[in-house]
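The values are calculated or read from the model by the stated rules, or taken from the named source; none is laboratory data. Values in this document were obtained by computation on a predicted structure and should not be read as measured data. Positions of Cβ are generated from backbone atoms using ideal geometry, with glycine treated the same way; all protein chains shown enter the neighbour counts.
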Amino acid sequence: MRTEDIFRRANEEIADLALRHGWRFPVPFLCECADSHCFARLELTLEVYEGVRSNRQRYLTAPGHEIPEAVAIDQTGTFALAEKV
Ligand SMILES: [Zn+2]
């Protein structure tokens with residue numbers, strides 16, 4: 001399994017936990033870039049996270065972090081999205 005997919009799976013577990021506890025504040029998610037030593041945290045509300053996750057080709061990363069074979073499609077300032085094509 002690729003690094004970005006391992007981080008994505010971890011984030012899905014974080015989101016699941018946040019959902020079960022009804023957290024309304026921003027949740028600290030992990031950067032889903034390809035660097036297994038990256039420990040960047042991205043604070044997103046569950047609502048924003050679910051929006052990102054609705055597209056399975058998309059990964060959540062810190063701005064400027066990269067994933068091979070993925071192109072940066074959005075950068076809001078606090079986080080970026082990379083999409084595998
Ligand atoms: Zn990263």
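Miscellaneous remarks
- Residues located in segment 33-74, provided they are more than 26 Å from Leu17 (Cα to Cα), part of a strand (DSSP E or B) and touching a residue at least 12 places away in the same chain (Cβ under 8 Å): Ala70, Val71, Ile73
- Among the residues of segment 3-45, the ones that are in contact with a helix residue (DSSP H, G or I) (Cβ under 9 Å, 6 or more places away or on another chain), basic (Lys, Arg) and modelled with pLDDT of 95 or more come to 1 in all.
- Residue in segment 1-19 that is part of a loop (DSSP other than H, G, I, E, B), within 16 Å of the ligand (Cβ to nearest atom) and under 12 Å from the mean Cα position of the chain (by Cα) present: no
- Scope segment 58-80; condition at pLDDT below 95, in contact with a strand residue (DSSP E or B) (Cβ under 8 Å, 6 or more places away or on another chain) and away from the ligand (no atom under 14 Å from the Cβ); matching residues: Glu69, Val71, Ile73, Asp74
- Residue list for segment 46-75, restricted to those being in contact with a helix residue (DSSP H, G or I) (Cβ under 9 Å, 6 or more places away or on another chain) and either surrounded by 14 or more Cβ atoms within 10 Å (Cβ to Cβ) or of a type in the set (S, T, N, Q) (or both): Leu46, Tyr49, Arg53, Arg58, Tyr59, Leu60, Thr61, Ile67, Ala70
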